[in-house]
Amino acid sequence: MEVRIDTAACAGHGVCEALAPHIFEVDDEGKAQVVAQTLDEADRVDVENAVNQCPEQALRLIG
Amino acid sequence: MSTAGLVVVGAGLAGVRAVEGARRSGFTGPVTLLGTETDAPYDRPPLSKAFLTESAALKYLRTAESLRGELDVDLRLGETATAVDPATRTVTVGAEELPYAGLVIATGSTARLLPGMHGPAGVHTLRSHADALALRSAVRPGSRVVVIGAGFIGSEFACSALHVGAHVTVLEAADVPLVRAVGPAMGEALGGLRGRHGIDVRCGAVVEAVMGEDTVEAVRLADGQVLPADVVLVGVGAAPVTEWLRGSGLTIEDGVVCDATLNAGAPGVYAAGDVARWHNPTFDRSMRLEHWTSAAEQGAVAGRNAVGTGEPVTCDVVPYFWSDWVTDRIQFVGVPESDEVVTVAGSAETGDLLALYRTGDRVTGALGVNQRRAVLRLRLMIGQHAGWQEAVELARSTTVRSS
């Protein structure tokens, strides 16, 4: 399982971070980053929520 | 006869999230999504920005194929519900009485109009795809544009029109703009930001008439001034679409009145998005929001609760909205009413403002201009009922300065 962030599309709303602060963080440039070292099945629901709720549709879940 | 399942009225963001929320909670019964517009569900925020300035394509929230195929939704576009009967659990659509087990009301809001001012061509509102298309073709380099209302829609549109090369004047009846959204002190501060973008904003300007027979020619103010205009945008707020619920027995008070789970007071009936006035547990009070993120969050909760696959969950929201003025991103989290507003860093003029709103010893709001990281941390803190001092410290350590 992997999350890809389209940094051109990301506008730094931080909705992903609000939903899953252990996985995502908005950096000083106002772009989301994945801060979790690894993602496992337990994270799937959180990641899916973030992907679905991203206002800019900048997140994609692969695998 | 078909089995009654979930019916979602309104195919905007809240409606789509309701459908997704229902499916995600494990609901496998029939789902019907009704939308008055003929477009597949689309995203509204870009309509006042990139859609106008870059001729960007309409951004779909989900395509019709995805809704029908992946989510097994009976998507009915161009169809408007006209009544609800909670006793028989039916929604009236044309001549049909559509049965429901669960209902989500997500009819959104509509642009408020100024009485007597929408006659001539060239007077617009901005809410739908059709509105944005009309504006996109009306605003040209050199167009004389008058925006009535210095709220967020008016401000974003003004920035976009300026970007396209139009001459733009913004009229605001109040002495300070954006008071309802961010409070008086910060409304004043954001006025300074507008100056930075070269937009002519006139506060205390009361519009008396829109002049022109077939086509708009000018806007006349109460003080007698006449501003020539080719395009007029009326941006004076939005009203929840609840007229169709008259006679349903549901309580309507500037929105459909709901409890903390978004239940509208009848079995299986929930509301979400701009149309919902609900008890927000995070602030322990009733509120109605017109924000993208709350529509998304409420939609997901309402959809899940309406199909009743589990115990109803409450909808806890820290309000959040953003507005893009050319390259500046304004973000607000929490609620604007407070005991005190403290500027922690920067200023609006320099494009790096961060202000915190205190209520008692808690942080209850934050406004940032290009302070994305700090604002989002503060949103989490507000949701956790964090103390004031802790928030000030966090804010000081995470702000960025404009260079």
field: Size of the protein assembly as shown as Cα extents on the principal axes (Å, biggest first)
entry: 63, 56, 41
task: Report the convex hull volume per residue for the range B:172-253, counting only C-alpha atoms, in Å³.
output: 155 Å³
task: Once you've got the GNM for chain A with C-alpha springs shorter than 10 Å, pick whichever of A:VAL51, A:VAL35, A:VAL15 has the biggest mean-square fluctuation.
output: A:VAL35
- prompt: Which three lengths, in whole Å and largest first, does the range B:1-62 cover when its Cα atoms are put on their principal axes?
  reply: 48, 23, 13
message: Ratio of alpha-carbon Rg to the 2.2 N^0.38 Å globular estimate for the range B:32-103, to two decimals, please.
response: 1.38
- prompt: About its Cα centre, what dipole magnitude does the range B:289-403 give when the only charges are +1 on Lys and Arg Cβ and -1 on Asp and Glu Cβ, stated in debye to the nearest 20?
  reply: 360 debye
task: Report, by chain and number, residues whose modeled amide H sits under 5 Å from the one on B:ALA271, excluding near sequence neighbours (fewer than 5 apart, same chain).
output: B:ILE105, B:ALA264
message: Kirkwood Rh and Cα-based Rg: tell me the resulting Rg over Rh for chain A, rounded to two decimals.
response: 0.91
query: Based on the Cβ-Cβ distance from B:THR309 to B:VAL226, what FRET efficiency comes out when R0 is 56 Å, to the nearest 0.05?
result: 0.40
message: I'd like the antiparallel share, as a percent to the nearest 5, of DSSP beta bridges with both residues in chain B.
response: 55 percent
Antiparallel content of DSSP bridges confined to the protein assembly as shown, in %, to 5: 60 percent
statement: Here the range B:327-398 gives, from Cα atoms, an Rg and Dmax in Å of 10.8, 35
Those GluC sites (Glu not before Pro) in the range B:302-403 that DSSP places in a loop and that have at most 13 other beta carbons within 10 Å: B:GLU337
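Determine the shielding of peptide A:10-22 by partner chains: average, over its residues, the number of Cβ atoms on other chains within 10 angstrom of each Cβ.
Taking the mean over all residues of the peptide, I get 5.
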query: With the radius of gyration and the Kirkwood radius both derived from the Cα set of the range B:278-376, what is their ratio Rg to Rh?
result: 1.05
Other protein chain Cβ atoms within 10 Å, averaged over every residue that makes up B:292-298: 3
Filtered trypsin sites (Lys or Arg not before Pro), the range B:210-308: DSSP coil and at most 16 other beta carbons within 10 Å: B:ARG246
- line: Along the range B:353-359, Karplus-curve 3J(HN,Hα) (6.51, -1.76, 1.60; θ = phi - 60°) to the nearest Hz, with x for Gly and Pro, reads 6, 9, 10, 10, 10, 10, 10
message: As a test of understanding, state the convex hull volume per residue of the range B:1-158 from its alpha carbons, in Å³.
response: 145 Å³
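Across peptide A:25-32, how many C-beta atoms of other chains are within 10 Å of each residue C-beta, on average?
Mean shielding count: 4.
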field: Globularity ratio of the range B:113-236, using Cα Rg and 2.2 N^0.38 Å
entry: 0.99
field: Given charges at beta-carbon only (K, R positive; D, E negative), |dipole| of the protein assembly as shown in Debye
entry: 260 debye
- line: Residues whose built amide H sits under 5 Å from the amide H of B:ALA40, excluding neighbours closer than 5 in sequence, are none
Computed over chain B, Cα set: Rg, Dmax in Å: 21.9, 67
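Every number in this text was worked out from the coordinates using simple rules, so none of it is lab data. If you're wondering where the values come from, they're calculated on a predicted model, not measured in any experiment. Glycine also receives a Cβ, built like all others from the backbone with ideal geometry; neighbour counts cover every protein chain displayed.
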